[in-house]
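Shown next, in structure tokens, is the structure this report addresses.
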Amino acid sequence: MTTPTEVTRPHGRVRIDSYLDGGGERSLADDVLDGLTRPFKELPPKHFYDARGAELFDRICELPEYYPTRTERAILRERADEIAAETGAAELVELGSGTAAKTRVLLDALESAGTLRRYIPLDVTESMVRMSAETLVREYPDLAVHGVVGDFERHLNEVPEPLGPRIVAFLGGTIGNFPPGSRRRFLRQIARLLGPEDFLLMGTDLVKDPGVLEAAYDDAQGVTAEFNRNVLHVLNRELDADFDPEGFEHVALFDERHEWIEMRLRARRAQTATVRALDMTVDFDAGEELRTEISAKFTLERATGDLAAAGLELVHWLTDADEMFALSLSRLRG
Ligand code: SAH
Ligand code: AVI
């Protein structure tokens with residue numbers, strides 16, 4: 001474990017450890033240097049989520065076309081008591097917790113089961129960790145919240161030692177945003193947070209009709225397009241760059257061979273952006289694309305294979321009646 005750059009205790013039952021100062025910008029700079037100098041330009045999706053990006057993501061979750069959030073919430077509502085009984089969890093660690101909206105369903109079930117003691121949200125968006133911590137201690141009078149502001153690819157070691165049996169929740173299908181090689185590596189790191197009594201509860205979006213998938217990532221109101229372009233606003237602000245977000249078109253395509261959605265930004269015309277903080281320029285030909293996200297879709301076989309590669313075995317596969325989305329409950333292979 002390393003020392004947090006900042007520890008705050010805004011309330012007797014809340015502690016927030018922050019690990020991002022400086023490191024966040026460094027990693028953005030590294031990702032720009034690495035991803036925008038290649039023939040096929042690419043940026044990792046974690047840079048979408050500044051305060052505006054987090055707000056846009058929340059709006060995406062409410063869109064009629066974006067079925068994952070409401071479907072996962074419905075599965076949780078139906079199965080949370082069973083999950084609470086099976087796990088007997090005293091704490092819930094949540095990776096990429098965001099507003100923790102769906103988390104309440106799990107917290108309610110664990111509270112009713114009488115086992116809940118602590119919630120540990122980990123997210124790169126500091127405002128989200130603080131806001132959800134402060135709201136949740138008001139809503140749950142016996143709950144302690146230990147928030148971690150950090151990058152789950154770099155700061156999983158900073159998750160505090162367990163107080164008792166735990167569930168590590170990784171909801172929303174965010175596991176699909178990892179490229180395939182690093183997805184299994186990341187699952188192995190998550191497995192290190194688990195002891196023999198602990199469980200991973202992971203949300204995975206499922207393979208389905210490409211039309212349904214593409215609509216979910218290219219909504220009629222253009223909210224996802226704005227979310228996609230937000231990464232350019234982040235670069236402009238954080239690295240003193242001058243990308244023209246409106247000079248790029250939002251593209252969302254289902255790649256049937258890889259079974260993933262790709263989001264890209266396509267240059268509407270030839271253009272050059274300057275990234276002053278890195279003393280570099282980035283040229284785009286007309287029609288050139290920058291890949292900003294993949295969102296892999298799963299089958300039971302794919303999820304089981306990924307979990308097995310991380311030393312985890314499936315305990316329950318929980319889906320909705322239409323098999324749009326699945327939650328897997330897994331544990332260390334005995
Ligand atoms: N779990 C919520 C939010 C999903 S959106 C839900 O199911 O609705 C993805 C979340 O992961 C965002 O809150 C984003 O800020 C966070 N995130 C993305 N990349 C991250 C990273 N590398 N480290 C920590 N959090 C990250
Ligand atoms: C966070 N993640 C699971 C979302 C997804 O569906 O891949 C991010 C998102 N991108 C566009 N819309 C939503």
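The values are calculated or read from the model by the stated rules, or taken from the named source; none is laboratory data. For clarity, every value in this text was computed on a predicted model and none was experimentally measured. Cβ atoms come from the backbone with ideal geometry, glycine included; neighbour counts cover every protein chain shown.
Some points to look at:
- Remark: pairs (first residue in the stretch 111-137, small (Gly, Ala, Ser); second residue in a loop (DSSP other than H, G, I, E, B); Cβ separation under 8 Å; 6+ apart in sequence or on different chains) = ALA113/GLY88; SER132/SER97; SER132/GLY98; SER132/THR99; SER132/ALA100.
- Checking each residue in the stretch 170-200 for being away from ligand 2 (no atom under 15 Å from the Cβ) and either among the aliphatic types (A, V, I, L, M) or within 23 Å of ASP320 (Cβ to Cβ) (or both) picks out LEU187, ILE190, ALA191, LEU193, LEU194, PHE199, LEU200.
- Scanning the stretch 186-229 for residues that are under 16 Å from the mean Cα position of the chain (by Cα) and part of a helix (DSSP H, G or I) returns PHE186, LEU187, GLN189, ILE190, THR224, PHE227, ASN228.
- Scanning the stretch 167-197 for residues that are more than 12 Å from ligand 1 (Cβ to nearest atom), in contact with a helix residue (DSSP H, G or I) (Cβ under 8 Å, 6 or more places away or on another chain) and within 19 Å of ALA85 (Cβ to Cβ) gives ILE167, VAL168.
- For the stretch 50-63, filtering for residues that are in contact (Cβ under 8 Å) with a residue 12 or more places away in the chain and in a loop (DSSP other than H, G, I, E, B) leaves 2.
- Test: PRO165 is over 17 Å from the mean Cα position of the chain (by Cα) and not hydrophobic (A, V, I, L, M, F, W, C): yes
- Of the candidates THR87, THR71, the single residue that is within 13 Å of ligand 2 (Cβ to nearest atom), surrounded by 20 or more Cβ atoms within 10 Å (Cβ to Cβ) and at negative phi is THR71.
- Residue list for the stretch 108-129, filter: of a type in the set (D, E, K, R), within 16 Å of ligand 1 (Cβ to nearest atom) and at pLDDT 95 or above: ASP123
- The set of residues in the stretch 141-166 being in contact (Cβ under 8 Å) with a residue 60 or more places away in the chain, in contact with a Leu (Cβ under 9 Å, 6 or more places away or on another chain) and assigned to a loop (DSSP other than H, G, I, E, B) consists of LEU143, GLY150, ASP151, HIS155, VAL159, PRO162.
- Number of positions in the stretch 274-289 that are outside any loop (DSSP other than H, G, I, E, B) and either among the acidic types (Asp, Glu) or in contact with a Gly (Cβ under 9 Å, 6 or more places away or on another chain) (or both): 3
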